[in-house]
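Encoded as structure tokens, the structure appears first; notes follow it.
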Amino acid sequence: MFPASFEYLRTHSPDEAFAALQQHGSEARVLAGGQSLIPAMRYRLARPAVLVDINPIKELEFLKEENGFLRIGATTRDAALEFAPWILERYSLITAVSKVVADPIVRHMGTVVGSVCHNDPAGDWTATSLASRAVMVVRGKNGLREVPIDQFLVDSYTTAVEEGEMALELKIPIPDAHTQGSYQKIERKVGDYATCAAAVQISLNSDGTIRQAGIAITAAGPIAMRVAAAEAMLVGQKPTLELIKAAAAEAPKIASPNADQRGSAEYKKDMTRVLVGRGITEALQRLGVNA
Amino acid sequence: MNEIPVSIKINGKQVTATVESRTLLVHFIREQAGLTGTHVGCDSSSCGVCTVLLDGDKPVKSCTMFAAMAHGHEVTTVESLAPGGVLHPLQQAFWDQHGLQCGYCTPGMLMTSVALLKHNPNPTEHEIREGLSGNLCRCTGYNNIVKSVQQAAGVMSQAIPAAADD
């Protein structure tokens, strides 16, 4: 299976890439890690006439903390997060997800920003971005703009990146010492799409009440979704088993999974409840709370 | 036709050719460099038989990368493992432990294992299984592959102090 023919443009700076995207408009796609795009092109599900390769742009490959955010550049590989010891120490949600995205080989090419921009209905980084309240930096005709993840994820395979625009980096607020997360994923085998998954991040106040909750589910509808009702239920409360159960029960109410070889719609809906419950429990355990 | 000049250092040798932009790295390796040790398996980035190393230590699926993306980079394939016909400790271990039956997945298993042991010279059994989870084998049931990597890890970690003693 070979992709349809396309014009390949190698770019070495954000300016060069942006100019190419502006010139070719809807004909062009950005090529980052290519781990979703290239298979899609091989199956002829995608037939871009022009590919703008941003891999040679060294200044877009970064992973650093600045002004309260973890900044992940457009060509930063999944493996860069997986193998960074300081991520392992302080980012429990990202650490967990970075070990279960696709498979270990794919993670050496696949990029975080590319995955969020692909916005697959079963994406891991999209759910993680929702739970951690990330922001995408997008370059458009009028310069840079920061798009909160809830506005960025529009629909399956569709984001706020308009024709001729380019996502430059994902910014994730740095979790403080009273914040922990968990990623729960059911998959038939490594590398398969998730049957269902949940991303959770919990922050506590000094009195033990929940200050902030980020809860998202993926592979449970057209795109990864924030379970806002569960978040609202948790905030301001002391964690108890009853509270966790009640919050988790909100997930199936918004889930709309399709039945497929991975399970029935009813099964997947119930798994959103189970995984959100497990995620909250594990995040709290990491905060030293056994509800 | 959309063509592009591509130059890649493969196993230390610069290979330059003008190819269609849609040429996948695995086909560049097999057809332009003439190195057929790297196999094409599932054709859908699932099986890992096409795994090669990019820039020394990054295992990548060469069927899910355009040759143009490797331009200016170094690629290492299974052919590099046994210079002069002396088997790499991993190859010897796959032989000793029956880490293969039909052998189709073996080039990918070997290259992924080379990278695994570079990052983690003394992996646990669990780390080996996780590390190889992007490579499929339909013959062995994986147990003998895990034993092979364990044997090679032992041999390779002993080899370094022994060399230092000389």
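Assorted remarks:
- Residue in the stretch B:46-55 that is under 14 Å from the mean Cα position of the chain (by Cα) and charged (D, E, K, R) present: yes
- Of the residues A:T111, A:T126, A:T158, the single one that is touching a strand residue (DSSP E or B) at 6+ places or on another chain (Cβ under 7 Å) and closer than 18 Å to A:P222 by Cβ is A:T126.
- Of the set (1) surrounded by 16 or more Cβ atoms within 10 Å (Cβ to Cβ); (2) in contact with a helix residue (DSSP H, G or I) (Cβ under 9 Å, 6 or more places away or on another chain); (3) within 12 Å of chain A (Cβ to nearest Cβ), all apply to B:S133 but (2).
- Strands (runs of 3 or more DSSP E) wholly inside the stretch B:28-83 that include at least 2 residues being out of contact with any Ser or Thr (no Cβ under 6 Å at 6 or more places or on another chain): B:58-61, B:74-76
- When B:A93, B:A159 are checked against the criterion of being modelled with pLDDT under 95 and either part of a helix (DSSP H, G or I) or polar (S, T, N, Q) (or both), B:A159 stands alone in meeting it.
- Annotation for the stretch B:18-41: no member residue is within 21 Å of A:V101 (Cβ to Cβ), modelled with pLDDT under 95 and not aromatic (F, W, Y).
- Residue in the stretch A:101-112 that is under 18 Å from A:Y183 (Cα atoms) and away from chain B (no Cβ under 14 Å) present: yes
- Strands (runs of 3 or more DSSP E) within the stretch A:65-181 that include 2 or more residues touching a Gly at 6+ places or on another chain (Cβ under 9 Å) and of a type outside the set (F, W, Y): A:166-173
- Single residue of the stretch A:247-291 satisfying the filter (among the basic types (K, R) and in a helix (DSSP H, G or I)) that is nearest to A:A228 (Cα to Cα): A:K253
- Scan of the stretch A:206-234 for residues that are within 16 Å of A:A291 (Cα to Cα) and in contact with a Lys or Arg (Cβ under 7 Å, 6 or more places away or on another chain), ordered by number: A:G208, A:T209
- Applying the condition of being small (G, A, S) and touching a residue at least 12 places away in the same chain (Cβ under 8 Å) to the stretch A:1-17 and asking which residue is nearest to B:G41 (Cα to Cα) yields A:A4.
- Scanning the stretch B:37-45 for any residue that is within 10 Å of chain A (Cβ to nearest Cβ) and crowded, with 24+ Cβ neighbours inside 10 Å turns up at least one such residue.
- The set of residues in the stretch A:192-230 that are in a helix (DSSP H, G or I) and buried (at least 22 other Cβ atoms within 10 Å of the Cβ) contains only A:A230.
- B:G108 meets the conditions (1) more than 10 Å from chain A (Cβ to nearest Cβ); (2) out of contact with any helix residue (DSSP H, G or I) (no Cβ under 8 Å at 6 or more places or on another chain) in every case but one. The failed one is (1).
- Checking each residue in the stretch B:54-97 for being farther than 14 Å from A:G33 by Cβ, in contact with a helix residue (DSSP H, G or I) (Cβ under 7 Å, 6 or more places away or on another chain), within 12 Å of another protein chain (Cβ to nearest Cβ) and surrounded by fewer than 22 Cβ atoms within 10 Å (Cβ to Cβ) picks out only B:D57.
- Looking only at residues in the stretch A:1-18 that are of a type in the set (A, V, I, L, M) and either away from chain B (no Cβ under 14 Å) or part of a loop (DSSP other than H, G, I, E, B) (or both), the one that is nearest to the chain's Cα centre (by Cα) is A:A17.
- Applying the condition of being in a loop (DSSP other than H, G, I, E, B) and within 11 Å of chain A (Cβ to nearest Cβ) to the stretch B:1-26 and asking which residue is surrounded by the fewest Cβ atoms within 10 Å (Cβ to Cβ) yields B:M1.
- Of all residues making up the stretch B:14-40, the number that are touching a Lys or Arg at 6+ places or on another chain (Cβ under 7 Å) and either among the charged types (D, E, K, R) or free of Cβ contacts under 8 Å to residues at least 12 places away in the same chain (or both): 1
- When the test is whether a residue is away from chain A (no Cβ under 14 Å), under 21 Å from A:A4 (Cα atoms) and not basic (K, R), B:Q32 passes it.
- For beta carbons closer than 8 Å, sequence separation of 6+ or different chains, a first residue in the stretch A:19-46 that is within 10 Å of chain B (Cβ to nearest Cβ) and a second that is of a type in the set (S, T, N, Q) and in a helix (DSSP H, G or I), the qualifying pairs are A:G34/B:T64; A:Q35/B:T64; A:S36/A:S115; A:I38/B:T64; A:P39/B:T64.
- For A:S156, the stated conditions hold: it is small (G, A, S), surrounded by fewer than 20 Cβ atoms within 10 Å (Cβ to Cβ) and touching a Pro at 6+ places or on another chain (Cβ under 9 Å).
The values are calculated or read from the model by the stated rules, or taken from the named source; none is laboratory data. Remember, it's a predicted structure, so these values are computed and weren't measured experimentally. All Cβ positions, glycine included, derive from the backbone under ideal geometry; neighbour counts span all protein chains shown.
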